[in-house]
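S.K.: Got a structure for you, written out below as structure tokens; questions coming shortly.
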Amino acid sequence: MKNTAYFLLASFASALLFLGCQKSELATPSKNTKLQSLKLASALKLTASQLTVGRDTADTLTVTGLSKTDSVRWSITPPGHSNIIQQSASRLIVSFTTTGTFNVKAIVNSKDTLAASIKVDTVGSGLPQSNVPFQAGDQLIITPSIYKGMTPDSTGILFSAHTADTYSCLNSVIHASWSDYGNSFSINYIDVVQPNGGWCMVGSRALSLNSFFQQNPASPYLVNGTYPLTIVFGATTYKGKIIVTGNAIKFDWNYTSGVTFTVKQISR
């Protein structure tokens, strides 16, 4: 009888020890998994080559700590004033066409948001660079669209242009200016800004530029009417019209070479 009692007591103690070990083994991975997740999240980092950059000067933003399966969606606010030079999950090369402060976000896996504030001024980065003309015979292709912001003064017309030819240096950008003074639209694509020597990122690409005409409540142009449109590309001037109706914006543009439009009407 004593032996039976000792056996039952030892069995009960062994069972408690087993359950305790089992509980401990189950709890540990959960804790480690949580810590590992926090470490992975904290490893993500967004850095910019320059936090203050000159207008029309390339800036590089890089996300570190990504895994091979991570996805990244980039966004820039306010929109319409940036030119994406190169984009991948881990890197964004961008230039800005106007001065101001821009918020660049990298949204990882649609949940983790990394952000950097980039100040754009007219001073420039001080990098050695040259202004070179557009290549002879090059063509400029423009796609117009409407950007609708939350308020009337953040709504306007966006002209997305790209060259047909390619240019050396991946960080070359188009040098341009534009105006809607007096509700007369004009864009001057002047030349190409190209970094010199070792500052040139090896490779070639077609150049692109976004020109945003922001609605001015004091002198609105997204109302019915006809507005002049002048585009200078290199040394050649092209003229047309923007016709605004109640449900569409039409582009009276009769050129088939030099500067062309991909669409000549967009819905409002």
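The values are calculated or read from the model by the stated rules, or taken from the named source; none is laboratory data. From a predicted model like this one, the values you see are computed outputs, not experimental measurements. We place every Cβ from the backbone using ideal geometry, glycine too, and count neighbours over all the protein chains shown. Calculation scope for accessible area: heavy atoms of the full protein, side chains included, ligands and nucleic acids excluded. Shrake-Rupley method; radii C 1.70, N 1.55, O 1.52, S 1.80 Å.
S.K.: How big is D, in µm² s⁻¹, for segment 45-136 by Stokes-Einstein at 10 °C and 1.306 mPa s if Rh is the Kirkwood radius over C-alpha pairs?
M.R.: My calculation gives 114 µm²/s for D.
S.K.: OK, next. Give the accessible area for Leu158 in Å² (nearest 10); use a 1.4 Å probe, count only protein heavy atoms, and leave out ligands, DNA and RNA.
M.R.: 30
S.K.: Could you tell me what a quarter of the Cα convex hull surface of segment 182-268 works out to, in nm² with one decimal place?
M.R.: Averaged projected area of segment 182-268's Cα convex hull equals 7.8 nm².
S.K.: Enter the accessible area of Lys119 (Å², nearest 10), with the probe set to 1.4 Å and all protein chains included.
M.R.: 110
S.K.: Compute the signed sum of charges (Lys and Arg +1, Asp and Glu -1) over the other residues within less than 13 Å, Cβ to Cβ, of Tyr167.
M.R.: -2
S.K.: Which pairs break 23 Å Cα to Cα here: Lys45/Lys119; Lys45/Lys111; Lys119/Lys241; Lys45/Lys68?
M.R.: Lys119/Lys241
S.K.: Which value, in Å² and to the nearest 10, is the accessible area of Arg268 when all protein chains are kept and the probe is 1.4 Å?
M.R.: In the full protein context, Arg268 sits at about 90 Å².
S.K.: Please work out the C-alpha center-to-center distance from segment 77-139 to segment 233-268 and express it in whole Å.
M.R.: First find each Cα centre; the distance between them is then 26 Å.
S.K.: What accessible area per residue comes out for segment 61-111, rounded to a whole number of Å², with a 1.4 Å probe?
M.R.: Counting only protein heavy atoms, the per-residue value for segment 61-111 is 47 Å².
S.K.: Okay, moving on. Determine by what factor the alpha-carbon radius of gyration of segment 161-232 differs from 2.2 N^0.38 Å, reporting the quotient.
M.R.: This ratio for segment 161-232 stands at 1.44.
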